[in-house]
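Everything below concerns the one structure shown next.
The values are calculated or read from the model by the stated rules, or taken from the named source; none is laboratory data. Quick caveat, the model's predicted, so the values are computed rather than measured. Cβ coordinates were reconstructed from backbone atoms using ideal geometry, including for glycine residues, and neighbour counts include every protein chain displayed. Note: accessible area is taken over every heavy atom of the protein model, side chains too, but ligands, DNA and RNA are not part of it. Shrake-Rupley method; radii C 1.70, N 1.55, O 1.52, S 1.80 Å.
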Amino acid sequence: MTDDLPGVDTTVDDGVLRVTLNRPARMNAVKTETLDAVAEAFEKYADDPAVRVAVLTGAGRAFCSGADIAGRDLSAPPSADTIDAANRATAAIRAFPRPVVGAVNGVAAGVGVSLALACDLTVAKESGYFLLAFTKIGLMPDGGASALIAASIGRARALKMALLAERLPTTEALAAGLIAEVWSDDEFDSAVETLVQRLAGGPSAAFESTKNAINDATLTELDNAFARERKGQLVLLGSADFAEGVTAFQEKRPANFRR
């Protein structure tokens with residue numbers, strides 16, 4: 001794989017759709033094309049009766065470290081392309097008619113948190129963590145994160161994650177109800193595979209009805225969140241705080257926000 005490709009590997013084998021973010025040199029940081037490729041994979045196989053379960057994971061030591069802002073041109077006008085691609089990917093995972101396992105094999109940051117929590121059963125390595133790092137560069141959460149996180153752990157914990165940009169270790173994420181399970185690094189791969197095979201051998205129609213019922217009851221604000229986040233993020237992308245945040249990130253120093 002070369003870096004100018006979307007960076008997503010997709011395979012289907014024995015009823016299992018495996019979608020892997022594959023930019024390990026960038027800790028699976030995503031571009032617009034990467035997010036579109038994730039969406040396309042789930043959309044393509046949504047009506048394939050041979051697919052009984054899906055898995056979303058990352059290659060290497062990270063699940064997804066967020067949007068790739070390296071080399072970003074700060075003089076360019078704000079664009080909604082990456083926001084729209086993130087919303088499309090999250091929506092495609094949520095709408096997939098079979099169970100989706102989010103196998104968080106390391107850090108899930110920024111929009112990586114949205115992708116992970118859009119899955120039906122999100123499981124993680126013990127050494128991993130979740131991080132909403134948006135405010136560190138003068139932005140707000142997107143990809144539906146404001147709805148996905150609050151639906152799982154409530155307003156107070158969601159605001160703490162979003163405003164303070166603190167790491168949430170996977171063990172704490174499990175205790176808070178943000179994810180379904182945590183396994184030690186050594187047993188993670190085998191435990192994920194056991195879970196995947198259990199789902200693949202289960203009642204697909206019952207699984208579909210069950211996930212839709214629970215997601216419809218708890219994610220009532222997801223579409224509205226997409227719209228609110230898109231509107232707010234476009235304003236922030238054109239702000240001096242964002243320019244300072246990205247510059248500070250690239251220079252590896254603390255940001256000096258003025259607003």
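Yes or no, residue by residue, for (1) closer than 25 Å to Thr220 by Cβ; (2) among the acidic types (Asp, Glu); (3) touching a residue at least 12 places away in the same chain (Cβ under 8 Å); (4) open to solvent by 50 Å² or more (accessible area, probe 1.4 Å):
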{"position": "Ala147", "(1), (2), (3), (4)": "yes, no, yes, no"}
{"position": "Arg155", "(1), (2), (3), (4)": "yes, no, no, yes"}
{"position": "Ala158", "(1), (2), (3), (4)": "yes, no, yes, no"}
{"position": "Leu163", "(1), (2), (3), (4)": "yes, no, yes, yes"}
{"position": "Arg167", "(1), (2), (3), (4)": "no, no, yes, yes"}
{"position": "Thr171", "(1), (2), (3), (4)": "no, no, yes, yes"}
{"position": "Gly177", "(1), (2), (3), (4)": "yes, no, yes, no"}
{"position": "Ser184", "(1), (2), (3), (4)": "no, no, yes, no"}
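Specify the residue that is nearest to Gly102 (Cα to Cα); the eligible residues are those in segment 161-205 that are touching an Asp or Glu at 6+ places or on another chain (Cβ under 7 Å) and not hydrophobic (A, V, I, L, M, F, W, C).
Thr170
Please work out which one of (1) open to solvent by 50 Å² or more (accessible area, probe 1.4 Å); (2) free of Cβ contacts under 8 Å to residues at least 60 places away in the same chain; (3) not small (Gly, Ala, Ser) is the condition Arg52 fails and give its number.
Condition (2) is where Arg52 drops out.
Filter segment 198-211 for residues that are free of Cβ contacts under 8 Å to residues at least 12 places away in the same chain and in a helix (DSSP H, G or I); which is most open to solvent (accessible area, probe 1.4 Å)?
Arg198
Go through segment 186-197 and give me each residue that's farther than 15 Å from Leu17 by Cα, surrounded by 11 or more Cβ atoms within 10 Å (Cβ to Cβ) and among the charged types (D, E, K, R).
Within segment 186-197, Glu187, Asp189 qualify.
Which of the numbered conditions does Asp47 fail, given that it passes all the others? Conditions: (1) surrounded by 15 or more Cβ atoms within 10 Å (Cβ to Cβ); (2) assigned to a loop (DSSP other than H, G, I, E, B).
Only one criterion is unmet by Asp47, namely (1).
Ala25 versus (1) under 27 Å from Lys231 (Cβ atoms); (2) of a type in the set (A, V, I, L, M, F, W, C); (3) part of a helix (DSSP H, G or I); (4) out of contact with any Asp or Glu (no Cβ under 6 Å at 6 or more places or on another chain): which is the lone unmet condition?
Every listed condition holds for Ala25 apart from (1).
Restricting the search to segment 23-44, which residues are surrounded by fewer than 20 Cβ atoms within 10 Å (Cβ to Cβ) and among the polar types (S, T, N, Q)?
Within segment 23-44, Thr32 is the sole residue that qualifies.
Is there a residue in segment 230-251 that is open to solvent by less than 70 Å² (accessible area, probe 1.4 Å), under 21 Å from Ala103 (Cβ atoms) and touching a residue at least 60 places away in the same chain (Cβ under 8 Å)?
The answer is no, given that none of the residues of segment 230-251 is open to solvent by less than 70 Å² (accessible area, probe 1.4 Å), under 21 Å from Ala103 (Cβ atoms) and touching a residue at least 60 places away in the same chain (Cβ under 8 Å).
So that you can scan it fast, the table gives a plain yes or no per residue for (1) over 14 Å from Ala116 (Cα atoms); (2) in contact with a Pro (Cβ under 7 Å, 6 or more places away or on another chain); (3) of a type outside the set (Gly, Ala, Ser):
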residue	(1), (2), (3)
Asn22	yes, no, yes
Thr32	yes, no, yes
Glu40	yes, no, yes
Lys44	yes, no, yes
Gly60	yes, yes, no
Cys64	no, no, yes
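With the requirement that a residue be open to solvent by less than 10 Å² (accessible area, probe 1.4 Å), more than 17 Å from Asp216 (Cα to Cα), touching a helix residue (DSSP H, G or I) at 6+ places or on another chain (Cβ under 7 Å) and hydrophobic (A, V, I, L, M, F, W, C), what does segment 112-145 give you?
Within segment 112-145, Val113, Leu115, Val123, Ala124, Phe130, Leu132 meet the criteria.
Answer yes if at least one residue in segment 217-231 is more than 27 Å from Val19 (Cα to Cα) and in contact with a helix residue (DSSP H, G or I) (Cβ under 8 Å, 6 or more places away or on another chain), and no otherwise.
Yes, because at least one residue in segment 217-231 is more than 27 Å from Val19 (Cα to Cα) and in contact with a helix residue (DSSP H, G or I) (Cβ under 8 Å, 6 or more places away or on another chain).
Quickly run through segment 36-73 and pick out the residues that are within 21 Å of Gly238 (Cβ to Cβ) and in contact with a Ser or Thr (Cβ under 7 Å, 6 or more places away or on another chain).
Once the filter is applied, which keeps residues that are within 21 Å of Gly238 (Cβ to Cβ) and in contact with a Ser or Thr (Cβ under 7 Å, 6 or more places away or on another chain), segment 36-73 yields only Ala67.
Touching a residue at least 40 places away in the same chain (Cβ under 8 Å), within 17 Å of Ser65 (Cα to Cα) and not hydroxyl-bearing (Ser, Thr, Tyr), is that true of Phe130?
The answer is yes for Phe130.
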